[in-house]
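As structure tokens, the structure follows; a few thoughts come after it.
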Amino acid sequence: MELINNKYILLEKIGNGTFGSLYKGQNIRTKEFVAIKVERLSDNLKLLKNESRIYQYLNSCCNIPIVKWFGKDEENYYMVINLLGTSLQQLINKNNKLSLSLILKLGIKIIIILKTIHEKGLVHRDIKPDNFLFGLNNYNELYLIDFGFCKSYIDDDCHIKIKNTNSLIGSINYASIMSHKRIELSRRDDLESLTYMLLYFFLGSLPWNYEKDENIVINLKINILNDGRYPDVLLNFLKYIRSLEYEEKPNYHLIIDNFKRELEIIS
């Protein structure tokens, strides 16, 4: 049985991140179960090292996993974080779709998390259901994971300038229109990806699911504001996010208040 840092053992593979593999592990001294992310040195990426630094930078933030150890051996980099529970993708796989009430409650939790990391000068850039996990045996806590694409939007105390990028960043299903247009991402793009997540939860699918032609995906995303199957509260959220300028700070409290008002109406 492989022993890491004379302290941790790998038990079973539980998933793949933006890069590397994720395992359930255990601290042989305390018997605590943990999650261990592994990246091969031969890949010569050093992305896991960067991700561990981001986790450590966000260490004081709620709803972000805590790095217990980062290091390497002759073959791999390793990052050990606290083990979490079911992802939002697993939740939708089980239930097919969610009630509007639950969607709005999840939306509020996620907006608070995004506000927190944005206030630390970072954009996540890969918002999708797989990257939100409930606490272990605790469905009241929601955590954001996988900071492989995360980037600072602040440079010398100023917002970075808008520029072109070389490729789409994030998942095609949840990527913002600006990501499709190869425009540098900012705070608005994390929130636009969230809107597609919430629309996905409402019907259990998106109009562009399984579509491989990116131009078709873009057109479907643009026109989703005219899709009468979705509730106004979610479409208005998307409309507001698309109205934001590149450097503009989103009004998180406005969005949360709108969601809370809708919850009062439907409860």
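For region 118-129, a residue qualifies if it is touching a residue at least 60 places away in the same chain (Cβ under 8 Å) and either part of a helix (DSSP H, G or I) or farther than 21 Å from SER186 by Cα (or both), and the qualifying residues are HIS118, PRO129. Of all residue pairs spaced 6 or more apart or on separate chains, those with beta-carbon atoms under 6 Å, a first member in region 87-113 that is hydrophobic (A, V, I, L, M, F, W, C) and a second member that is not in a helix (DSSP H, G or I) are LEU88/PHE132; LEU100/PRO231; ILE113/ASN63; ILE113/LEU144.
The strands (runs of 3 or more DSSP E) found entirely in region 1-103 that carry 2 or more residues being surrounded by 19 or more Cβ atoms within 10 Å (Cβ to Cβ) and not assigned by TED's automatic domain parsing to the domain that holds PHE147 are 21-27, 33-40, 67-72, 76-82.
Selection within region 147-168: residues that are over 19 Å from GLU245 (Cβ atoms) and touching a helix residue (DSSP H, G or I) at 6+ places or on another chain (Cβ under 8 Å). The member of this set that is surrounded by the fewest Cβ atoms within 10 Å (Cβ to Cβ) is LEU168.
Within region 134-174, restricting attention to residues that are touching a strand residue (DSSP E or B) at 6+ places or on another chain (Cβ under 9 Å) and free of Cβ contacts under 8 Å to residues at least 24 places away in the same chain, the residue that is nearest to ILE110 (Cα to Cα) is ASN140.
The residue that is farthest from the chain's Cα centre (by Cα), counting only those in region 252-267 that are surrounded by 11 or more Cβ atoms within 10 Å (Cβ to Cβ) and farther than 13 Å from ASN236 by Cβ, is ILE266.
If we keep just the residues of region 141-174 that are of a type in the set (Asp, Glu) and outside any strand (DSSP E or B), which is nearest to LYS128 (Cα to Cα)?
Quick first cut of region 141-174, residues of a type in the set (Asp, Glu) only: 141, 146, 155-157.
Then keep just the ones that are outside any strand (DSSP E or B); that gives 146, 156-157.
Numbers: ASP146: 10, ASP156: 30, ASP157: 29 Å.
Per the criteria, the residue is ASP146.
Can you give me the number of residues within region 235-267 that are outside any helix (DSSP H, G or I) and at pLDDT 95 or above?
We begin by selecting, within region 235-267, every residue outside any helix (DSSP H, G or I); these are 243-251, 267.
Narrowing further to those that are at pLDDT 95 or above: 243-251.
Matching residues across region 235-267 total 9.
Taking residues in region 192-203 that are under 17 Å from ILE256 (Cα atoms), and partners anywhere that are at pLDDT below 95, the pairs with Cβ atoms closer than 7 Å and at least 6 places apart or on different chains are SER193/GLY170. Against the condition in contact with a strand residue (DSSP E or B) (Cβ under 9 Å, 6 or more places away or on another chain) and assigned by TED's automatic domain parsing to the domain that holds LEU168, how does GLU262 come out, does it pass? So GLU262 fails the test.
The values are calculated or read from the model by the stated rules, or taken from the named source; none is laboratory data. It should be emphasised that the depicted structure is a prediction, and the values quoted were computed from it without experimental measurement. Every residue, glycine as well, gets a Cβ built from its backbone with ideal geometry; the counts of neighbours run over all protein chains shown.
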